[in-house]
1. Could you work out which residue, out of GLY19, GLY54, GLY42, moves most in a Gaussian network model of the chain, that is, has the largest mean-square fluctuation with Cα springs under 10 Å?
2. Which whole-number percentage describes the relative contact order of the chain, with Cα contacts under 8 Å and a sequence gap of 6 or more?
3. As an exercise, take the mean of 1/r over every pair of distinct alpha carbons in the chain, invert it, and state the Kirkwood radius in angstroms.
4. On average, how much accessible surface per residue is there in the chain, in Å², for a 1.4 Å probe, leaving out ligands, DNA and RNA?
5. Calculate what fraction, in whole %, of the accessible area of the range 1-66 sits on carbon and sulfur atoms when a 1.4 Å probe is rolled over the protein chains.
6. Taking the Cα atoms only, what angle lies between the long axis of helix 19-41 and the longest principal axis of the chain, rounded to 10 degrees?
7. Let's see if you can work this out: charge +1 on each Lys and Arg Cβ, -1 on each Asp and Glu Cβ, no other charges. What is the dipole magnitude of the range 19-60 about its Cα centre, in debye to the nearest 20?
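The values are calculated or read from the model by the stated rules, or taken from the named source; none is laboratory data. Source: prediction; values computed, not measured. In this analysis, Cβ positions are derived from the backbone assuming ideal geometry, glycine residues included, and neighbour counts consider all displayed protein chains. For accessibility, only protein heavy atoms count, side chains too; no ligands or nucleic acids. Shrake-Rupley method; radii C 1.70, N 1.55, O 1.52, S 1.80 Å.
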Amino acid sequence: MKDALLLVDVVNDFRHEDGGALLASFRQRHPRLVEALEWARGSIPVLYANDDWGRWDGNAPGLVSCIGW
């Protein structure tokens, strides 16, 4: 296997100094991200790399629940 989709820091609560600008940028790119994920999930591995605010326990559902979306 040679291909994979790598998503870096896409789980974010945007509660920081640059959060507003980052959120606006993310919203513009979100539709293409969804398209890429839909395609990749049926074709290639999808890998997530996310800063979990110093917790490195691999608890993806816990990370998502912390941001309160």
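1. GLY54
2. Numbers: 43 pairs, mean separation 38.0, N = 69.
Averaging sequence separation for qualifying contacts and normalising by length gives 55 percent for the chain.
3. 13.5 Å
4. Working: 5430 Å² over 69 residues.
So the chain comes to 79 Å² accessible per residue, rounded to a whole number.
5. The computed percentage sits at 55.
6. 20 degrees
7. 180 debye
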